[in-house]
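Below you'll find the structure, written out as structure tokens, and then a few comments.
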Amino acid sequence: MASGRLFDESMYRFDEAQPSWWEASASGPKPKGKPLTGSQSCDVAIIGGGYTGISAALHLTRDFNVDVRVLEAGHFGWGASGRNGGFATMGGTFLSAEKQIARFGLEETRQYFQHQNEAVELVRSLGQDEKINFQPQGDAELVVAEKQAHFEAMKRTAEIERDALGIDTFMISKEEFAEKYYDAPHQHGAMAQRPAFGLHPLRYAQGLAAAAERHGAKLHPGSEVTSWRKEIGHHVLETSSGRLTAKKVIVACNGFMPEHLHSGLKGRAMPLQSLIVVTRPLTDDELAAHNWQTECTAINSRNVYFYYRMLPDKRLLLGGRADTTGTLAAAKQTANDLTNYIGQLWPHWKGIEIEYSWRGFVCFTSEFHPSIGRMPEDLSVYFGFGYHGNGVNNATWTGRELARWIVQGNSPDEPRPLHLPPQFHGMTYKIPFAGLRRFYANVAVGWYRMKDRLDGIR
């Protein structure tokens, strides 16, 4: 486990792109940045070129004319921002709305979801304003009930979200779902939530990076930070080919957190592997076999759920939880398992050819909600991570909020962003015996899989 990394080293090959459909179909504007060389300086240095870091750079330069440099270990979009399922949907937490109300209060939870709504629309508006063709699809996220009991439980959730929190949440009966969305033996209706849409995540990441560059940010791909020290009045970040000094630093790394660089980062993030498979294009007859009508993003009601959507060229994308080792052999087995699940969920598509499979990290925190703040021991270091599978919009919004915090001075002299709801407040608790995080993940996923089996779902 080199440099404190939790998973197999094959997960951290920054010079290799993932063999994904997104990489194969990316087009449009791309950043022109080059690796950091020599001795450079800036006002704000950003470690990590995913949605959080790119959005922070874009808003700092475009809106506030701040001198910014972004250091990315791979190419822009190398990490989770270029390999996720492309879901711009509300969430960002492992806590239900009911649990959030119990923990944080009704008004704070209402504000949290207002920000979630705002985050989804921010992605949409950035696509329009910066002319990023990220192929938006659908107008809702579907939570598909795999049992009638699940559907009944969702009614209670929908009532809370709609009546108490003002969220556009509604129920779809089994019959209506079969007629207007798709028909398959596993579906027993669904709960739907808006706003939400699907997109091409790598086109979005690269387009956002190109926009940040166009507005003045200096981007450095292939520039993994190898050391970080603090000198009087500034930070010094070193890469294999350069040295960067900065007054402030934003750590924007999420599941690929470089814990070895700063003691305040150690044991804070809980990365879990997720793996995606994409089929060949389906024919019209194959789509008709399950009356597939929808472009909406979807997850199912299992504890260990799948997420899926139909892509613009009629390929089915299906993702799910992967192993806790990160080896290539384990990834191959997970891809086989997901392929088999396609046949279980949609029997007429059993045996369909898979043309792409890839993996990445979903980032959890010990408190099951995002972590945004500044290092208590050094308020010139900002961070944002822990999006729980909803990073497209949450990371974009977090980057903007970090930019505003730096420039506008909100929550002065505070490590927590007190101007935001408490779900975002400060550094998450350190995970006890952090070296055992993979073991904890194994136990948790195993427990939830057992609950699904006891519930009659396999």
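Rule-based calculations on the coordinates, nothing more; no lab input. Quick caveat, the model's predicted, so the values are computed rather than measured. Note that each Cβ is placed from the backbone with ideal geometry, even for glycine, and that neighbours are counted across all protein chains shown.
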Which value, in nm² and rounded to one decimal, describes the direction-averaged projected area of the C-alpha convex hull of the range 1-124?
11.1 nm²
Quote the charge dipole size of the range 269-394 about the Cα centre in Debye, to the nearest 20; the model charges only the Cβ of Lys and Arg (+1) and of Asp and Glu (-1).
140 debye
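Given charges of +1 on the Cβ of Lys and Arg and -1 on the Cβ of Asp and Glu, with all other atoms neutral, how large is the dipole of the chain about its Cα centre, in debye to the nearest 20?
960 debye
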Need one number for the range 308-423: average projected area of the convex hull over its C-alpha atoms, nm².
10.3 nm²
Percent antiparallel among DSSP beta bridges confined to the chain, nearest 5, equals 65 percent
Descending semi-axes in whole angstrom, ellipsoid equivalent of the range 172-274, from the Cα gyration tensor
44, 19, 12
Dipole-positive endmost among 263, 391, 171 within the chain (Cβ charges, Cα centre)
263
Close Lys-Lys pairs in the range 195-268, where close means Cα under 16 Å and separation is 8 or more or interchain:
4
Projected-area mean, the chain, by convex hull of Cα positions, square nanometres:
20.0 nm²
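Enter the per residue convex hull volume of the range 1-70, computed from alpha-carbon coordinates, in Å³ rounded to the nearest integer.
Given the Cα convex hull of the range 1-70, per-residue volume reads 148 Å³.
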If you keep only loop residues by DSSP, which GluC sites (Glu not before Pro) in the range 1-99 have at most 13 other Cβ atoms within 10 Å of their Cβ?
16
Just name one of 244, 222, 298: the one whose Cα is farthest towards the positive end of the charge dipole of the range 217-344 (beta-carbon charges, Lys/Arg +1, Asp/Glu -1).
244
Can you pull the semi-axes for the range 272-331, root of five times each eigenvalue of the Cα gyration tensor, sorted largest first, whole Å?
26, 14, 8
Using the Karplus curve 6.51 cos²θ - 1.76 cosθ + 1.60 with θ = phi - 60°, work out ³J(HN,Hα) for each residue of the range 183-194 in order, rounded to whole Hz, and write x for Gly and Pro.
10, 7, x, 7, 8, 10, x, 7, 9, 10, 9, 10
When a/c reaches 1.5 or more, the comparison of a/b and b/c decides; with that in mind, is the range 55-137 rounded, prolate or oblate per its Cα gyration tensor?
prolate
Least to most buried among 324, 398, 93 (fewest other Cβ within 10 Å first)
324, 93, 398
What does the charge count near residue 293 come to, summing +1 for each Lys or Arg and -1 for each Asp or Glu among other residues with Cβ under 10 Å from its Cβ?
-2
Which one of 420, 375, 208 has its Cα pushed farthest toward the positive end of the charge dipole of the chain, where Lys and Arg give +1 and Asp and Glu give -1 at the Cβ?
375
Taking a straight Cα-to-Cα line shorter than 24 Å from residue 180, and setting aside same-chain lysines fewer than 8 residues away, one finds 147, 155, 314, 350
Packing-based exposure ordering (other Cβ within 10 Å, fewest first) of 429, 341
429, 341
Under-5 Å amide H pairs with residue 298, H placed in peptide plane, nonlocal only
142, 308
Among 392, 66, rank each residue by its count of other Cβ atoms within 10 Å, from fewest to most, as a rough exposure measure.
66, 392
